[in-house]
Amino acid sequence: MTTQTEPLTSSPPELNTLKIEIDDGANIGTLTLDRPDAFNAMSPEMIGELTVAFAWLADRATLRALIVTGAGKAFCAGGDVNWFKTGVESEDIDLPSEVRRGAEALHAAIVDLRRIPYPVVAAVNGPAAGAGFSLALACDTRIASEKAFFACAYGRIGASPDGGMTYFLPRVVGPSRALEILLDDPDMKAEAALAEKLVAEVVPADELIDRARAKAEKLAAMAPHYVRMAKTLVGGSIEHTLTEHLQLERHGIADSMATEDLRNGVETFFGGGTPEFRGR
């Protein structure tokens, strides 16, 4: 069970290609990529709106968990190839410059996604290709519909990976296997993704959102300081030296001792009950 800590500091931003829904009672949000007719491909407009959405979710929304999913049949088909096609065909468009700016914006959005201090669950409802695969990998955990599949896809048009693909994939499957997946570039069905540990579980399509919701509710019930520090410490562990990392752990556990949640957790532990963490 979760208890709302305080109202949102602002309303969600109004967006055209994304939809943000907030369940204030449970402090759980849902971000839906909302270009179903284009399989939720990332147009320049969507990329710009991702920077707005993830910055708001990281800095302004007092949530306890977030679900990221796609409208219609796809999670996200990656970058909008029509954008690339227009640039290839027009001599008036400096395509490398345009894509450089687009990738900068997308990467700013990914950084803000990773700054979100509460758990982010990707509910992968269909194809997750290219930057869509990268987006799913950037989330904290992934649940896949049995109709989902994953594809690196960049090499199919001769494009270099972006969106954090070559950062997150090696951290999930290891560097050697990540390179094999990038070069072989299979259409990886949900069960194969489960075998690679790219997803935590595979569920029937009509159960995906309910299962993601149940996962989000379970994670939202945890002490926010614990969740925030677990994400921060694990996320930076590969880059830190042992000494640097132990210092971060030292301060993290000391800071947790000042929270009401910790006091409640200790008292409830000895009382034999189940703590209700309130985020204080």
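Assuming a ≥ b ≥ c are the square roots of the Cα gyration tensor eigenvalues, decide whether region 172-280 counts as rounded (a/c under 1.5), prolate (otherwise, with a/b larger than b/c) or oblate. Here region 172-280 falls in the oblate category. Computed over the chain with a Gaussian network model linking Cα atoms closer than 10 Å, the most mobile of V203, V227, V99 is V99.
Helical runs assigned H by DSSP (4 residues or longer) give the chain a calculated mean residue ellipticity at 222 nm of -14500 deg cm²/dmol, each run adding -39500 (n - 2.57) before division by the residue total.
Using Cβ point charges alone (K and R +1, D and E -1), the dipole size of region 18-220 about the Cα centre works out to roughly 660 debye.
Within the chain, which complete DSSP H helices have Cα atoms spanning at least 15 Å along the helix axis and a mean Kyte-Doolittle hydropathy of -0.5 or higher? All intermediate terms of the calculation are to be shown ahead of the outcome.
On the way: long enough: 44-59 (23 Å, 0.77); 95-115 (30 Å, -0.14); 208-220 (18 Å, -0.35); 224-236 (18 Å, -0.01); 242-256 (21 Å, -0.61); 260-271 (16 Å, -0.53).
Helices meeting the span and hydropathy rule in the chain are 44-59, 95-115, 208-220, 224-236.
Given axes a ≥ b ≥ c from the Cα gyration tensor, I'd like to know whether the chain is rounded (a/c under 1.5), prolate (a/b larger than b/c) or oblate.
Working: a/c = 1.76, a/b = 1.64, b/c = 1.08.
It is prolate, given that a/c is not under 1.5 and a/b is the larger ratio.
Relative contact order of region 18-220, taken over Cα pairs closer than 8 Å and 6 or more residues apart, is 22 percent.
Just so you know, all these numbers are worked out from the coordinates, no wet-lab data involved. On a predicted model such as this, the values are computed, not experimentally measured, just so you know. Ideal geometry is used to build each Cβ from the backbone, glycine not excepted, and the neighbour counts take in all protein chains shown.
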